[in-house]
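Asks: This structure is in structure tokens; I'll ask about it shortly.
The values are calculated or read from the model by the stated rules, or taken from the named source; none is laboratory data. Small disclaimer: the values here were computed from a predicted structure and weren't measured. Neighbour counts are summed over all protein chains in view; Cβ atoms, including those assigned to glycine, are modelled from backbone coordinates with ideal geometry.
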Amino acid sequence: QRLLSLMASLNNKEEEKIALSSSEGWSFWKLTDILRLESSSNMTTFFKASGDKLMVSRTLKEFENTLPKDRFFRTHQSHIVNRRYVSQVLREDGGYALLPS
């Protein structure tokens, strides 16, 4: 019974979504699909691994406080990345994380 419960909770984590409001309406993105977030002023752009992107009028700080810290981390004042997609963290040039292009 405990094993089934654990498996169900893991499956639910994979399907967690975030509601994003843009000028076009509401979009619901799976957290597992989000590659990174990038801010510019009070706007944040979400990037999917598939190449899709969506701009929303909320600050990066708001999303930093909302997204699960075990899956997303802030690499820079204007970037949050999904740990799932980080292939390498390099020390050169002050350090940076490599993501798929």
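Asks: Give the residues of region 65-78 that are under 16 Å from Lys17 (Cα atoms) and either at pLDDT below 90 or crowded, with 16+ Cβ neighbours inside 10 Å (or both), sorted by residue number.
Replies: Residues satisfying the conditions are Leu67, Phe72.
Asks: Among residues belonging to region 80-101 that are crowded, with 16+ Cβ neighbours inside 10 Å and assigned to a strand (DSSP E or B), point out the one that is modelled with the lowest pLDDT.
Replies: Only one residue tops the list, namely Ala97.
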